[in-house]
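Please read the structure below before turning to the comments.
The values are calculated or read from the model by the stated rules, or taken from the named source; none is laboratory data. All of these numbers come straight from a predicted model, not from anything done at the bench. With ideal geometry, Cβ positions are generated from the backbone for all residues, glycine too; neighbour counts draw on all protein chains shown. Heavy atoms of the whole protein, side chains included, go into the accessibility calculation; ligands, DNA and RNA do not. Shrake-Rupley method; radii C 1.70, N 1.55, O 1.52, S 1.80 Å.
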Amino acid sequence: MRYAYFPGCAASGSCRELDDATRGVAEDLGIELVDLAGAACCGAGILQETNPEGALAVNAHTLSLAQTEGLDVLTVCGTCQLHLARAARSLEDPKTRARVNRVLEKAGQDPYRGGVRVRHLLQVLLQDVGERKLAAHVRRPLDGLAVGAFYGCNLLRDPGADAYDTPEDPTSIERLVALLGGNAVSFRARTACCGFHALAVREDLVVRLSAAGLAEARDAGATMVATPCPLCHLVLDARQRKAAKASGQTLNVPILHLSQLVGLALGIDPGRLGVDRHVVPVTPVIEKLEDREVVKA
Amino acid sequence: MTGGTRKIGVFICHCGGNISDVVDVNAVREFAAQQDEVVASTDFRFMCSNQGQARLQETIKEKGLDGVVVACCTPKMYEDMFRGSAKEAGMNPYLLEIANVREQCAYAHRHEPEQATEKAKALVAAQVAKVRNLRPLDVKTAPIHDGVAVIGAGIAGIHAALLLGNAGHKVTLIEKSPTIGGNMARFDKTFPTLDCAMCTLSPKMNDVFNHPNVDLMTYAEVKDAVRAPGRFTLTVVQKPRYVTDACIGCNRCTEACPVSGPKSPIKVESEWNLGLSPRKAIYLPFSQALPQQWTLDADHCYYFQRNHTCGICAKVCPADAIDFTQRPEEVQVEVGAVVVATGYRPFDASQIPQYGFGKYADVYHGLQVERLLSSTGPTNGKLLKKDGTPPQSVGIIHCVGSRDEKYRSYCSRVCCMASLKYAHLIRERTGARVYNFYMDMRANGKGYEEFYQRVASEQVGFVRGKPTRVTDQATAPEEEGKLTIVVEDTLAGVVLRVPVDMVVLSTAMDPEDVDGLLASLKLDKSPDGFVKEYHLKINPTETAVKGIFVAGCAQSPKDITDTIAQAGAAAMSASMFLGSGSMTLNPLVAEVNPDLCRACTRCSEVCEFDAVRVDPEALVAIVDETSCEGCGKCTVVCPTGAITVRQFTKTQIAASIDALAPKAVAP
Amino acid sequence: MEPARVRPEVPPFWVEVASTPGGESIATCIPCEACSSPCPIGALDPGFSLPRIIGRVKAGRRQETLAAEDLWTCTRCYACAAGCPRHARPGEILGALRQLALRAGADGPGPRRARALGAQVRERGRIDLATRGKPSPRRARPAASSAAVRGILDAAEAS
C-alpha cells in the first residue's frame, strides 16, 4: 500500500504531532507514505475565495504530483480532504481541466490528466487496510476507553464520503474505535462544525459551539474525543479552556487525532505520538493503557 | 298495509368500529328485536360491503320483509345504495329508512358511550315507527329530450360541445359575444409548454364551427329557462348584428366606419383588447374570429344614434349584407341537458386603489398583457408602454384580489403560473428587468414547478412580499418618471422601493356575471360566487339540478389543462344522462290530494322552486315532480293538509316523534 | 428604517453572484429556509440568517451585503446544503459573496484574515493556522513548493 501523503498545513505546522502519529501508524501497518515535495496548501476554502482559479490550479498541481508517482492522495484532515476531493471532482470535467492546465502550463508546471483519488486516512484504514488486518495489529486494546467520535463537518461534505459512510448519520469512527477495542461513544453533535473558520470574526460563537459539542460528548459518557480533522483539534483542544469559561462548566475532555488513537492501540509509545503537545492533558486518561503491557506481535 | 302485520328487519352496522367502539351494538340489536313488528334484528361489521348487502337481501327474501331500518352512517352516504339492494331483493325501496347512529350517536357522543347507546336505540325505535307507517311508492320516469345546450363557447364550452357532438348528441352551443373562443383566444402563449394559444385553440374552434351535430348561436343570450320532466326549454335572445350571413368578410365597412376616428365624437374601446385599442362601430373582434361575420354595435353607431344620418357601411358593402332593420329575436331551444360553461372575467383591479390601476397609464392587468404580447394584439406583439417605448423594467404583482379577505378569499390558481409566463415572455421579448412580487409561489401542475425553475434561472427577480402600493411619487432620482413598487421583502426583512416602467397586476379570476342565467336555471352559487357543483370532491361536474352540468371556470378558477379535463368529464356526465333515455323522478316529493285542495295558491307562493302551480280551470294545485325538492314548505302553509311530501306525512312524522318522545307525556 | 432602494437599470446583484464561482445555484433558491435550521452559527446567533443574506442579494442590496460582517461569521461547514430541495449550495453562495467582498475591498477581521492567509499561501505555500503557540521550526521556513505556488497563483490571476 502506497499513497501520496498530503499532511496539510496543520499537520505540517501547529499540529505536527498528527504528522508524527500518522507516520508511526503507517509504518506499523505497512503503508508507504510518499511525500509530495512540491505540494502546497489545499486552500482551506480561503484561497478559493481570494483566488478561486488559483486555488483550483494549485490543487491540480498537487494532484498532478501524485499522478507522477502513480498514486492516490492520502489526507489526514477533513478540510484538506474536502477541498482536494472537490478539486479532483471538478477537474474530471475535461473543459475545466483544460482551462486549469493552461494556467499550470503558463506557470511552467506539468498538466494534470485526471483520475487521481483523494482519500482520508479514515477511509484507507477501514477500506484499504481492512478491518481484519487492523484488528490483527492491535497490540494494546483500548479497553474501557470511552471515545467520543467527533467527525466535524468538512470530512463528511467530501463528495466521496458516502463511499464509506452515511454523511447524515456516520458510523465509521465508531466502527474504528470498536476495532481498536475501545468503547465508542456516539452523540448527536458529532457531525457538527467546530467553528474553526469563524475564529477570526466571532471567537465568542466558536467557543460556545465547541463547548456545546464537548458537553454533549461528555454527557454521553465520553472520557475523550477523537477527531479526523486537525482544525477541529485546534478548536476543541486549544480553545477548550475558553469554551469551558464561556459556558460556565468544567469540560476537561482530551482531544485525540484519529492517528494518535490508532497509534495507541497499535502499541506505539504515547510520547512518539506527541500527546504531550496537547493543551488538555491526555495522560490522565490513557495512563491505564500505558501501564498495560503491549502484546508482542 | 294493515296494522300489526308488518315484517320489519333492523340491520345495525359497526362501521368497522366507528360505530361499535362507542355504541353498544349488541344492546341496540336486542332492543330493536323487541320492537313491535320487528321480525329480524342483526348487526354486521360493514353493512355497506358486498356481504352486508347480501345479508340484507337474504333476510328480505327469507323473512319476506316489507320494511327495513339500517342503523348506520348518514343517509347521504348509502341510502340510495341500500334502497337499490332492497329493490333487487323484491322489496319496495321506499320502505327502507336509515337511522343515523354514526354521526348522530358515535361521533357526536364519543365520550358518553352509554348515552350514545340509548340515543341509538331511540333513533332506531323512531325509524321503526316511521317504517310501520310507510307505504310503498311507485317510481315514475320521464323521457329525456335528446338535445343538449352548452352555454358559453370558451375553451370549456367548445371542448364539451365537440365531445357531445362526436358522441352523436344534438348540441346547441350558445355564446353571448360575436365570436367563439372565449378568454383563451386572447392569450399569447400557454404555460408551461409555451404553446401558441391560438395554434391549439383555433383548430377546435373550426371543428366546433363546422360540426354537423353542433348548432352554433353567437351573439345570443339565454334569457329564461323552463324545466319539465326530461326537458328544458331555453328562451334564447338572438341579438341583432345588423349584418346578415351574406357578409363576405371584406372589412370595407370597418375601414369606412367613422366611429373612433381621430375627429369622431363617438369613441369605443375594443372589448377584445380590453380597452387597449379603439374599435369601429362595425367590426370583427379579431382576425380568426368565428363566425367570420361582422357585427354592428348600435349603441355606438351614427346610423342609430344620429337619426339614420350615416349608413356608410351599407353603401360600401359589396355583398349588401348590412340590414339596419334587424331586431332582437327570441328563439326557443328545447334540450334534455344543459352544460354551463360561462367562464371567468378578470377581477376589477381598480377596486384596489393603491395599485394605481386606471390611474397610472402603465399599470395593466394580466389579460391586457396577454393582448400586448400577442401578435394579433394592439401593438402587434411588441410590449410597449403607453408612450410607445419598450419598458426597461417590469414589476409583476401576484395575488391581486386573490387570497385577500377584502376582495376574493380564494386562490385563483393560475396567476402564479401566468405571472411566470409573463416574466419569461417579457424578458425574452424586451430584455427588461422583471420582478415578481409574490406571497407564496404555487406551481402545482405537471411541468409547472419545472417551469418555475426555468424562469428562476432566467434572471427574473423574485421578491416575497405583497406590495403595499404603486406610486409615481419619486423619492430619489432613479424613481423620477417611474412607477415605484413599495414592498417589504419578507425574506430580507426590509422595505424595498423598486422603480419600474410597467406594472402588471395578476388579477383574480372572477366568475362571469351570469346571475340571471343561474336564477332561471335554478342553480346555486357557492360562497365564492362560482356555480355550485353537486359535490366538490366526487361529483364536480353535476349540479343539484338533474340534467344541468358545469364545466370550466364557471365552477371554479382553473387553468386550461384542468378546464379541458373537467369539460370532458362534464360532457361525459351529460352524455350518460342523455343516453339513459329516461329519468327517474324522485318520488319523495310533494303530492296533492285533490279532494282537500281549495286552490288557495299559498303553496305556489312559498315554493322556492316554482314546482307547484294552481290549475285555474280544475282549481287544484299541481306539482311538477322534477322541480320539487321535497322541502315541505308547502305542507306547512297548506290550510287543509291537501299537500304532503311522500314518506313525510304528518302521520309518519308523528309516529317517529312519538317513538322518540318520553313515554309519560302530560295529557 | 430607510427603505432599501432597488436599481433595476443596473444588472441585478444576484446575476453577478450567479456568475461567480460557487454562486451559480442562487438562481434556483426558493424561500424554503431548509438551510436555516442546520446552520450552527444561526442556532447561536439570531443575527445570522442564510436566507436573509440570500434575500438581501435577491433584493439587489449589493453594498450592504458585501460590507456585512455576517459573511465572515459563516464557518464554511456546508451543513446548509444537505437539506436543500433545489441542490442549491447556500454555503458556497456565501463563498461567492466573500469573493466579491474581497474584490470590492471589504475590510474587517474576516476579510483581513482571508487576505493574510491567501498571501501566506502565495508566499510560503502553506498557511499558519494556529494563531498562538510555539512557532515550530517547520513553520518558520517556506514550504518547498512556494515558488511553484506563487507562479501558479499569479498565472491564474492573470488568466
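Among the residues of region B:353-372, none qualifies, meaning not one is touching a Gly at 6+ places or on another chain (Cβ under 9 Å), within 30 Å of B:T430 (Cβ to Cβ), surrounded by fewer than 20 Cβ atoms within 10 Å (Cβ to Cβ) and without any contact (Cβ under 8 Å) to a residue 60 or more places away in the chain. Once region B:383-425 is narrowed to residues that are among the basic types (K, R), touching a residue at least 40 places away in the same chain (Cβ under 8 Å) and open to solvent by 10 Å² or more (accessible area, probe 1.4 Å), the residue that is nearest to the other protein chains (Cβ to nearest Cβ) is B:K385. Would you pick out the residues in region B:300-332 that are in contact with a Leu (Cβ under 9 Å, 6 or more places away or on another chain), part of a helix (DSSP H, G or I) and closer than 18 Å to B:E255 by Cα? B:Y303, B:C313 - these are the residues of region B:300-332 that are in contact with a Leu (Cβ under 9 Å, 6 or more places away or on another chain), part of a helix (DSSP H, G or I) and closer than 18 Å to B:E255 by Cα. Quick one: in region A:35-74, of everything that is among the β-branched types (V, I, T) and within 14 Å of chain C (Cβ to nearest Cβ), which residue is nearest to C:D128 (Cα to Cα)? My answer is A:I46.
For beta carbons closer than 8 Å, sequence separation of 6+ or different chains, a first residue in region B:85-113 that is at positive phi and a second that is of a type in the set (A, V, I, L, M, F, W, C), the qualifying pairs are B:G90/B:I60. So which residues in region A:105-162 are out of contact with any Phe, Trp or Tyr (no Cβ under 8 Å at 6 or more places or on another chain), farther than 30 Å from A:K288 by Cβ and assigned to a helix (DSSP H, G or I)? A:E105, A:K106, A:D128, A:L156, A:A161, A:D162, listed by residue number. On inspection, A:T171 fails the criterion of being under 17 Å from A:L122 (Cβ atoms) and either within 12 Å of chain C (Cβ to nearest Cβ) or open to solvent by less than 10 Å² (accessible area, probe 1.4 Å) (or both). Residue count for region C:41-56, restricted to those that are more than 9 Å from chain B (Cβ to nearest Cβ) and open to solvent by less than 20 Å² (accessible area, probe 1.4 Å): 3.
Against the list (1) surrounded by fewer than 24 Cβ atoms within 10 Å (Cβ to Cβ); (2) in a helix (DSSP H, G or I), the condition A:V58 fails is (1). Among the residues of region B:257-266, those identified as open to solvent by 30 Å² or more (accessible area, probe 1.4 Å) and in contact (Cβ under 8 Å) with a residue 12 or more places away in the chain are B:P258, B:I266.
The set of residues in region B:442-453 that are open to solvent by 40 Å² or more (accessible area, probe 1.4 Å) and touching a residue at least 40 places away in the same chain (Cβ under 8 Å) comprises B:K446, B:E450. Remark: pairs (first residue in region A:100-127, within 14 Å of chain C (Cβ to nearest Cβ); second residue surrounded by fewer than 16 Cβ atoms within 10 Å (Cβ to Cβ) and in a helix (DSSP H, G or I); Cβ separation under 8 Å; 6+ apart in sequence or on different chains) = A:K106/C:A158; A:D110/A:T68; A:P111/A:E105.
Quickly run through region B:176-191 and pick out the residues that are open to solvent by 20 Å² or more (accessible area, probe 1.4 Å) and either among the small types (G, A, S) or over 26 Å from B:Y452 (Cα atoms) (or both). If the condition is that a residue be open to solvent by 20 Å² or more (accessible area, probe 1.4 Å) and either among the small types (G, A, S) or over 26 Å from B:Y452 (Cα atoms) (or both), then B:K176, B:S177, B:G182 are the ones that fit.
Summed over region B:1-47, the residues that are more than 21 Å from B:E79 (Cβ to Cβ) and among the small types (G, A, S) give a count of 5. Exactly one residue out of B:V487, B:V494, B:V455, B:V460 is closer than 26 Å to B:Y407 by Cα, of a type outside the set (D, E, K, R) and in the same structural domain as B:L384 (by TED's automatic domain parsing), and it is B:V487.
Selection over region C:9-30 of residues that are touching a Pro at 6+ places or on another chain (Cβ under 9 Å) and open to solvent by 50 Å² or more (accessible area, probe 1.4 Å) gives a count of 2. Which of the residues belonging to region C:76-118 are part of a loop (DSSP other than H, G, I, E, B), touching a Pro at 6+ places or on another chain (Cβ under 9 Å) and more than 8 Å from chain A (Cβ to nearest Cβ)? Hits for region C:76-118 are C:G83, C:C84, C:G105. Selection of first residues in region A:259-288 that are under 16 Å from A:R16 (Cβ atoms) and of second residues that are among the polar types (S, T, N, Q) and crowded, with 17+ Cβ neighbours inside 10 Å, restricted to Cβ pairs under 7 Å at least 6 apart or on distinct chains, gives the following pairs, ordered by first then second residue: A:S259/A:T22; A:L273/A:Q260; A:V275/A:Q260; A:V279/A:Q240. Counting the residues of region C:2-18 that are more than 7 Å from chain B (Cβ to nearest Cβ) and aliphatic (A, V, I, L, M) gives 3.
Condition check ((1) more than 7 Å from chain C (Cβ to nearest Cβ); (2) modelled with pLDDT under 95; (3) within 33 Å of the chain's Cα centre (by Cα); (4) more than 11 Å from B:G395 (Cβ to Cβ)) across all residues:
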position	(1), (2), (3), (4)
B:F451	yes, no, yes, yes
B:F462	no, yes, no, yes
B:V470	yes, no, no, no
B:E488	yes, yes, no, yes
B:G493	no, yes, no, yes
B:V498	no, yes, no, no
B:D501	yes, no, no, no
B:A508	yes, no, yes, yes
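Residues in region B:619-655 that are farther than 23 Å from B:V124 by Cα and aliphatic (A, V, I, L, M): B:L619, B:V620, B:A621, B:I622, B:V623, B:V636, B:V637, B:A642, B:I643. Candidates are the residues of region B:515-530 that are out of contact with any Lys or Arg (no Cβ under 6 Å at 6 or more places or on another chain) and in a loop (DSSP other than H, G, I, E, B); the one that is nearest to B:S556 (Cα to Cα) is B:F530. Of the residues making up region A:1-18, those that are open to solvent by less than 10 Å² (accessible area, probe 1.4 Å), closer than 17 Å to A:L256 by Cα and touching a residue at least 40 places away in the same chain (Cβ under 8 Å) are A:A10, A:A11, A:C15, A:E17, A:L18.
One line per residue, one yes/no per condition, for (1) open to solvent by 40 Å² or more (accessible area, probe 1.4 Å); (2) closer than 17 Å to B:G17 by Cα:
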site: B:R45; (1), (2): yes, yes
site: B:C48; (1), (2): yes, yes
site: B:K63; (1), (2): yes, no
site: B:C72; (1), (2): no, yes
site: B:K76; (1), (2): yes, no
site: B:F82; (1), (2): no, no
site: B:V101; (1), (2): no, yes
site: B:H111; (1), (2): yes, yes
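Residues checked against (1) assigned by TED's automatic domain parsing to the domain that holds A:R89; (2) in contact with a Cys (Cβ under 9 Å, 6 or more places away or on another chain); (3) assigned to a helix (DSSP H, G or I):
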site	(1), (2), (3)
A:P167	no, no, no
A:A184	no, no, no
A:A212	no, no, yes
A:A226	no, no, no
A:V235	no, yes, yes
A:A244	no, no, yes
A:L264	no, no, yes
